[in-house]
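Written below as structure tokens is the structure these notes are about.
The values are calculated or read from the model by the stated rules, or taken from the named source; none is laboratory data. A quick note: this is a predicted structure, and the numbers were derived from the prediction, not measured. Neighbour counts run over all protein chains shown; Cβ positions are idealised from the backbone, glycine included. Protein only, heavy atoms only, side chains kept; ligands, DNA and RNA dropped before computing areas. Shrake-Rupley method; radii C 1.70, N 1.55, O 1.52, S 1.80 Å.
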Amino acid sequence: MFSDTELTASLSAADASQPDPGSALPRVLDTLADLAAHRMGARHGSLDLVDRTANEVITSVGRSPVPAVRTLIASVVAERRTVVVGGARESSRTDSSNENDVPDEARFYVGTPVVSPGGLLTGVLSVWDADPRTVGPAEIADLEQLARLAADLVQMVRERVTRPVFDGVAVAITELMDLIVSGATLNDVLDTLARTVEATSPETVCTILLLRDMKLHHGAAPSVPDSMRRAFDGANIGPTVGSCGTAAYTRQTVIVADIANDPLWEAVRGPALAVGLRACWSVPIIDSSLQVLGTFALYYREVRVPLPQDLRQMTRWVDLAEVAISRARYIAALRDAATQDALTGLTNRAEALRVLAEITGTSNTPVAVLFIDLDQFKFVNDTLGHAAGDQYLIEVSRRLSACVGQHDTVARIGGDEFLLICPGVDTAERAQVTGNDVVEVLRQPLPIEGTSLSVSVSVGIALRTPGAEAVTEDLVADADLAMYAAKRAGRNSVAVYDQDLRAQVTDRMRLEADLNQALSSGELFCAYQPIVDMTSGRLIGVETLARWTSATRGEVPPTVFIAAAEDSGQIGAVGEFVLRTACAQMAAWLAADRVWKGIALSVNVSPRQLADLRFPGVVEQVLADTGLPAGQLWLEITEGTLVPDPSLARTTVTRLRGLGIRIAIDDFGTGFSSLAQLKHLPADVLKIDRSFVTELAVDPAAAGIIQAVVTLAGTARLGLTAEGIETEEQRRILLDLGCRYGQGFLWSRPLSPQRLGELAGHRWPAAALAGSAAPAVALADHVPDDGRHDSDHDDEPETDQRGGVPIHRREAGDEQPDETGDETGKQ
Ligand code: C2E
Ligand code: CA
Ligand code: CA
């Protein structure tokens, strides 16, 4: 219908509304050039057509190229491939021109050839901008797709396709492009396409189905009755599933001229025949990466076979559908990237907050927010590596998704923090059920890198219920606060936010902040309690006990601040401080007086410190820095530390013992599951818990237990020390039972290093051990270096109530330092 001259003429026509032949062409090409620019984030786009010999540009649509751009277009024509100026990412097919050649008007330029289906170069589709930028391969593929569409249109003109069809196509493309640019939904775009197809040939019924998860879903079917639409939505694909199911499966065009008799329709023909459809031709929609996006089908009310031009025409519609679907997927992918967590595919933080704001912003819908924090993620990451960490998070996400309802949102909002948003949950009890479910599903062992891990979590819950007295403003912050409380209550805890909890948590946070401050301000220090040979009163060791005298709180008991430090993770720093201070102190004593040689320095180590794989390294470093011989250091750990998770703590303990350090089991007898396990503990000394010693005079069973422990310790070749000895009677019974070493107020309370240093030089007769009017010594004797504390506390009630006696010093000639060390270890 058009000659080349007519084409040129039509393309040059300025006014698209004129009823000239092909008048729709310039308009659609113009839209294409615009869309290309829009798509590539460039200010200008043009489509430039060349003559048959590809020697000169015969006309250009869109923005007129400046001379510099014309040169670039000429290079696309010459090279017959996409040219990029300004830099391309991850693309091998493109060039980056030399810096010096880059014209000011087009610091960014991408041009791609428009090649007819027969391989003839018909033009160049270009976009450019004065501002430089980079493009990715996906954007380049998009531009190339638009160039194919342009080639199709030009080809239609050259093939003299009849006016109505051509205009139909051109109008459809223009409308579709406009819709796409304006951000219409994919359904609207496809619906417009199907309506245009039906308008162009009124006897056809057009359907577009989309392929997702190997099933076909409704895309557009404006003239198909609901009954049939429903029948095909969600249909499987396969080698013999009607026309579309088969086309999507085989990736081939499937022509069924007679639905009633074609075996391909055997199983599915009912709904189609019921609404009077007799023939169906279906073409798979396949994108540039050869992925099947869906199917495009034409139905007829009579038995019908397509003519070649019908098929050609169909492929043009299919190209259009492909542009629309690819574009929609691209936008969806962008949206996903903005709203999803890349690793787990869960909702990301920003989107979760938006979802929650939407729920709380509209109406009175109740909602529960669960804040979930993994307890040992850092451990997994540090010990098993990042790949294992990722795998761990993915599996956790999968499990979390499995325990919520379909209207709930599961989000990953931080490295190891997750949020569940459960609209409709209106009681703390219901929310707690979900919280417990979360704990339960994650507790199930999870296979990672050949080992099996059980995930423990802390869950904090905040609720907004309609009519609740205080409608909480910030549910996430409240749930986070509840999580903080849960974490401090131990593993796998669930806590629900309320005002009391806030008060508790605030107190706890202040304590932790003060403790942090104490570490650097010198408020934290060490006291030392003598451990003696009960037969002679000779000093054989000292136990280091942490002390905190706070400027605002006064004396904070170690049971309080050590527990807080354990829960908050500050124990690493506190523990290292104590260890370093004590080792330095012992090294100083050693340097001052050889009497200290062979006297054990005992330091308490909490389970959490021991669980840290860096711990043995820290100990080694402290020994190296202070110069204290490893053989003189005892580490006290509670028996419970070794029992629940033998593998890890044992490895650490074994490494420490390898350095020559002794391990003492503290509070022995309080948390032990079976005496039989005693033999297998990697330890050197048992410290019999104070509770047994206290019971000695009252409960004969206590003596029985101690007797059993003495016997077992003998066979296991473990040293024994009794704790909390306050009376001469206790001392005597213990000695009778065969326990030789002990510590307690009978000899001394924990002392300041100054006082203990002085006492080490004193000489006490063995007979003076009990009940003497010995000088009182106490915690208050500690004198910090800054001199803020008064050293003269001897008259304080605490100091002398129990008749504390300084320890007995070795007799002259009794010094057997090396042997002493051995005695305090294995006997
Ligand atoms: P523990 O390790 O069992 O320490 C012995 C505790 O018993 C000390 O209490 C000590 O003052 C007390 N004690 C000693 N002899 C007697 C006695 O004859 N009668 C009575 N009634 N008590 C006696 P303290 O100093 O209050 O320490 C309490 C706990 O705090 C310690 O128990 C230990 O578990 C923990 N702790 C103290 N310092 C540290 C530390 O640096 N690191 C760690 N991880 N824990 C520490
Ligand atoms: Ca201890
Ligand atoms: Ca103890």
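Total residues in segment 324-357 satisfying the condition of being part of a helix (DSSP H, G or I) and out of contact with any helix residue (DSSP H, G or I) (no Cβ under 6 Å at 6 or more places or on another chain): the figure is 20. For segment 703-736, residues that are over 12 Å from VAL685 (Cα atoms), buried (at least 20 other Cβ atoms within 10 Å of the Cβ) and not β-branched (Val, Ile, Thr) total 4.
Determine whether segment 286-301 contains at least one residue that is in a loop (DSSP other than H, G, I, E, B), closer than 18 Å to ALA138 by Cα, open to solvent by 20 Å² or more (accessible area, probe 1.4 Å) and at pLDDT 90 or above.
Yes, segment 286-301 contains a residue that is in a loop (DSSP other than H, G, I, E, B), closer than 18 Å to ALA138 by Cα, open to solvent by 20 Å² or more (accessible area, probe 1.4 Å) and at pLDDT 90 or above.
If the condition is being among the aliphatic types (A, V, I, L, M), more than 12 Å from ligand 2 (Cβ to nearest atom) and touching a residue at least 24 places away in the same chain (Cβ under 8 Å), then segment 687-705 contributes VAL693, LEU696, ALA697, ALA703, ILE705.
Just checking, which of VAL542, VAL455 is within 16 Å of ligand 3 (Cβ to nearest atom) and in contact with a strand residue (DSSP E or B) (Cβ under 9 Å, 6 or more places away or on another chain)? Step through it out loud before you land on a result.
Numbers: VAL455 fails: within 16 Å of ligand 3 (Cβ to nearest atom).
Exactly one residue qualifies, and that residue is VAL542.
Which residue is farthest from the chain's Cα centre (by Cα), if the candidates are limited to segment 701-729 and must be within 16 Å of ligand 3 (Cβ to nearest atom) and of a type in the set (Asp, Glu)? Only one residue tops the list, namely GLU726.
Scanning segment 500-510 for residues that are over 29 Å from the mean Cα position of the chain (by Cα) and in contact (Cβ under 8 Å) with a residue 12 or more places away in the chain yields nothing.
Condition first: of a type in the set (D, E, K, R) and either within 18 Å of ILE325 (Cα to Cα) or surrounded by 15 or more Cβ atoms within 10 Å (Cβ to Cβ) (or both). Now tell me which residues in segment 200-228 satisfy that. Step through it out loud before you land on a result.
Of all residues in segment 200-228, those of a type in the set (D, E, K, R) come to 203, 212-213, 215, 226.
Selection gives ARG212, ASP213, LYS215.
For segment 512-536, which positions are assigned to a strand (DSSP E or B), open to solvent by 10 Å² or more (accessible area, probe 1.4 Å) and away from ligand 2 (no atom under 15 Å from the Cβ)?
Applying the first criterion (assigned to a strand (DSSP E or B)) to segment 512-536 yields 524-533.
From what is left, the residues that are open to solvent by 10 Å² or more (accessible area, probe 1.4 Å) are 525, 529.
Listed by number, the list holds a single entry, PHE525.
Can you pull out every residue in segment 207-257 that is of a type in the set (S, T, N, Q) and part of a helix (DSSP H, G or I)? Answer for segment 207-257, where residues must be of a type in the set (S, T, N, Q) and part of a helix (DSSP H, G or I): SER227, SER243, THR246, THR250.
The strands (runs of 3 or more DSSP E) located wholly in segment 369-484 that include 3 or more residues which are open to solvent by 20 Å² or more (accessible area, probe 1.4 Å) and modelled with pLDDT under 90 occupy 451-453. Criterion applied to LEU545, LEU539 was being assigned to a strand (DSSP E or B) and either of a type in the set (Asp, Glu) or open to solvent by 30 Å² or more (accessible area, probe 1.4 Å) (or both), and the one residue passing it is LEU545.
For segment 643-650, indicate whether the set of residues that are open to solvent by less than 20 Å² (accessible area, probe 1.4 Å), modelled with pLDDT of 90 or more, within 16 Å of ligand 1 (Cβ to nearest atom) and out of contact with any Phe, Trp or Tyr (no Cβ under 9 Å at 6 or more places or on another chain) is non-empty. Let's see the steps before the verdict.
Looking only at segment 643-650, we keep the residues that are open to solvent by less than 20 Å² (accessible area, probe 1.4 Å), and these are 649.
With the extra rule that they be modelled with pLDDT of 90 or more, the set shrinks to none.
For segment 643-650, residues open to solvent by less than 20 Å² (accessible area, probe 1.4 Å), modelled with pLDDT of 90 or more, within 16 Å of ligand 1 (Cβ to nearest atom) and out of contact with any Phe, Trp or Tyr (no Cβ under 9 Å at 6 or more places or on another chain): absent.
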